[in-house]
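Q: For reference, the structure I am asking about is given below.
No value in this document is a laboratory result; all are computed from the given coordinates. In this text, all values refer to a predicted model and were calculated from it rather than measured experimentally. All Cβ positions, glycine included, derive from the backbone under ideal geometry; neighbour counts span all protein chains shown.
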Amino acid sequence: MTVLSRREILKSGALVVAFQFCSSFPSLAQDAKQLSGSLKRSSFLDSWIRIDAGGQITVFTGKSELGQGIKTALIQVAAEELCVTPENIKLITSDTAQTPNEGFTSGSLSMSESGTAILNAAAQTREILLGLAASHMQVPADSLRAVNGAVESPDGRKLRYAELVKDLDLHVEAQPVSKKKNPDTYSVVGTPLQRVDIPGKVSGGAAYVQDMRLPNMVHARVVRPPAVGAVLQTAVRPSKPCRVF
Amino acid sequence: MAISIKVNGKTHEIDADPATPLLYILRDELALNGAKFGCGLGQCGACTVHVDGKPAFSCLLPLAAVGNREVTTIEGLASNGKLNALQQAFIDEQAAQCGYCIAGMVMRAEALLRVNPHPGEEEIRAHMQPNLCRCGTHMRILRAIKRAADRSTEIGVGHEERL
Ligand code: FES
Ligand code: FES
């Protein structure tokens with residue numbers, strides 16, 4: 001590309017941004033020696049995905065929904081690689097008792113860190129399910145397809161994920177390479193989906209940290225003096241619990 | 001001494017300092033999430049509720065000043081679990097980024113549509129002026145309000161009858 005001087009850029013008023021395309025983008029091509037995204041920090045598949053006896057799929061992320069729409073986007077990623085519809089995914093976000101620790105939600109990193117981890121964990125979970133179905137059906141795993149929450153064989157046999165979970169162990173470390181879908185075949189990722197957090201936000205649902213109410217929680221308020229150097233003379237203790245710091 | 005207020009059709013006896021802002025009562029005593037604390041100073045509109053159908057900053061309104069007037073929060077708009085036309089229009093237009101301003105936006109716009117079911121663009125803009133959106137969702141918010149207003153034109157009935 002032509003190199004513009006700073007003066008020329010200012011003159012033309014144009015903003016020129018140069019990208020250097022690497023041959024292997026970390027989120028797109030697997031580095032064989034390394035786990036992708038936040039799988040580096042939490043490498044067990046069941047840190048990210050669990051399927052209960054009834055076949056309910058729960059996906060976990062350590063990133064928070066801040067209005068950037070990641071709940072919806074992460075559900076799409078998981079649904080795509082698990083071959084289910086988005087409504088079949090329950091997503092738990094940044095709950096310190098349940099989800100992987102992914103540090104801050106900032107820097108536009110949620111999709112590259114959490115999204116990549118979930119993409120790979122979901123692809124590997126699907127492959128494990130295909131393997132289980134293969135041994136049940138006594139056919140090679142690569143002859144099977146995952147479709148809408150079930151594994152189908154070419155001869156028309158079908159096993160739902162729920163029927164496979166009793167043999168499913170997701171407490172295994174992720175592999176460095178996943179058998180991911182070809183993006184040309186995507187049916188969920190890349191198609192518009194309404195944000196899952198908006199209905200709650202237009203109806204008074206709990207959506208923010210301020211909406212958490214814990215047992216015996218009290219509300220504190222900093223009361224500042226009206227003048228520099230003023231000292232508190234008395235404080236009236238209200239009938240409700242009150243803490244003075 | 002307990003003070004009685006009516007919120008979303010239900011009467012509550014509240015034991016609190018009469019000077020307590022209505023917003024604190026709604027959130028902390030009645031556990032309603034809709035009205036939000038943004039500035040606490042009447043400058044952002046995140047706390048907007050209806051008091052006798054008129055939009056009010058609940059952060060500025062002392063509990064004792066509510067009197068017999070009916071308070072409605074966004075929790076009171078749905079009927080039988082079904083969102084009203086304006087709430088649905090906000091979903092249809094995906095009119096929220098973080099969403100923190102949205103309950104206040106919906107309440108202010110709802111107050112307009114109740115007295116003027118088919119406002120024009122200028123009327124909407126002038127009416128919505130007290131409410132701020134930090135994320136910059138304004139254009140979608142305007143589209144959502146217009147959508148709800150246009151829907152009432154199509155059906156040819158007043159806003160409330162559409163619920
Ligand atoms: S919180 Fe009431 S106007 Fe900002
Ligand atoms: S959507 Fe974030 S403040 Fe309006």
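Q: How do B:Asp17, A:Asp167 line up, fewest other C-beta atoms within 10 Å first?
A: Values: B:Asp17 16, A:Asp167 13.
With the fewest neighbours first, B:Asp17, A:Asp167 line up as A:Asp167, B:Asp17.
Q: Quick one: Kirkwood hydrodynamic radius for region B:2-76, alpha-carbon pairs, angstrom, one decimal?
A: Details: mean 1/r = 0.0843 Å⁻¹.
Answer for region B:2-76: a Kirkwood hydrodynamic radius of 11.9 Å.
Q: Return the sequence-ordered ³J(HN,Hα) values of region A:60-73 in whole Hz as given by the Karplus equation 6.51 cos²θ - 1.76 cosθ + 1.60 applied to θ = phi - 60°, using x for Gly and Pro.
A: Taking θ as phi minus 60°, the curve returns 10, 9, x, 9, 9, 6, 10, x, 7, x, 5, 4, 5, 5 Hz for region A:60-73.
Q: Given the pairs A:Lys71/B:Lys6; A:Lys90/A:Lys181; A:Lys63/A:Lys166; A:Lys90/A:Lys166, which are separated by over 26 angstrom at their Cα positions?
A: Values: A:Lys71/B:Lys6 36 Å; A:Lys90/A:Lys181 21 Å; A:Lys63/A:Lys166 30 Å; A:Lys90/A:Lys166 20 Å.
Cα-Cα > 26 Å for A:Lys71/B:Lys6; A:Lys63/A:Lys166; rest within.
Q: With the radius of gyration and the Kirkwood radius both derived from the Cα set of region B:85-162, what is their ratio Rg to Rh? Walk me through the intermediate numbers first.
A: Working: Rg = 11.4 Å, Rh = 12.2 Å.
Radius of gyration over Kirkwood radius for region B:85-162 works out to 0.94.
Q: Then there's this: Using the Karplus curve 6.51 cos²θ - 1.76 cosθ + 1.60 with θ = phi - 60°, work out ³J(HN,Hα) for each residue of region B:46-54 in order, rounded to whole Hz, and write x for Gly and Pro.
A: 4, 9, 4, 10, 9, 10, 6, x, 9
Q: Of B:Ala64, B:Cys39, B:Ile5, which is farthest along the charge dipole of region B:2-76 in the positive direction, counting Lys and Arg as +1 and Asp and Glu as -1 at C-beta?
A: So the residue we want is B:Cys39.
Q: What is the packing order of peptides B:60-72, A:89-101, A:121-133, B:40-52, taking the mean over residues of other C-beta atoms within 10 Å and listing the highest first? If you can, show how the numbers build up before the last one.
A: Values: B:60-72: 16.8, A:89-101: 15.2, A:121-133: 23.2, B:40-52: 20.5.
Listed from highest to lowest mean packing, they are A:121-133, B:40-52, B:60-72, A:89-101.
Q: Let me ask something else about it. Ranked by Cβ crowding within 10 angstrom, fewest neighbours first, how are B:Phe90, B:Phe37 ordered? Display every interim value, and only then the final one.
A: Numbers: B:Phe90 30, B:Phe37 16.
Ascending Cβ contact count within 10 Å gives the list B:Phe37, B:Phe90.
Q: Take peptide A:206-212, look around each residue's Cβ out to 10 angstrom, count Cβ atoms belonging to other protein chains, and average those counts.
A: On the way: counts 2, 8, 5, 0, 5, 6, 1.
Per-residue shielding by partner chains comes out at 4.
Q: Quick one: of the DSSP bridges fully inside the protein assembly as shown, what percent are antiparallel, nearest 5?
A: Numbers: 23 of 30 bridges.
In the protein assembly as shown, approximately 75 percent of DSSP beta bridges are antiparallel ones.
Q: Let me ask something else. What is the percent of Cα-Cα separations in the protein assembly as shown that go past 29 Å? It would help to have the intermediate numbers written out before the result.
A: On the way: 48916 of 83028 pairs.
Across the protein assembly as shown, Cα pairs with separations above 29 Å total 59 percent.
Q: From other protein chains only, count the Cβ atoms within 10 Å of every residue's Cβ in A:190-203, then give the mean.
A: Values: counts 0, 0, 1, 0, 3, 5, 0, 3, 11, 6, 3, 16, 20, 15.
The mean count of partner-chain Cβ atoms within 10 Å per residue comes to 6.
Q: From other protein chains only, count the Cβ atoms within 10 Å of every residue's Cβ in B:84-93, then give the mean. All intermediate terms of the calculation are to be shown ahead of the outcome.
A: On the way: counts 2, 0, 1, 6, 2, 1, 5, 7, 2, 1.
That average works out to 3.
Q: Moving to a separate point now. Which order do A:Ser203, B:Ser58 fall in if you start with the one that has the fewest other Cβ atoms within 10 Å? Display every interim value, and only then the final one.
A: Details: A:Ser203 23, B:Ser58 29.
Fewest-to-most Cβ neighbours within 10 Å comes out as A:Ser203, B:Ser58.
Q: Under 8 Å for C-alpha pairs, at least 6 residues apart: give me the relative contact order for region A:67-182, rounded to a whole percent. Provide the component values of the computation, followed by the final result.
A: Details: 110 pairs, mean separation 30.7, N = 116.
For region A:67-182, the relative contact order is 26 percent.
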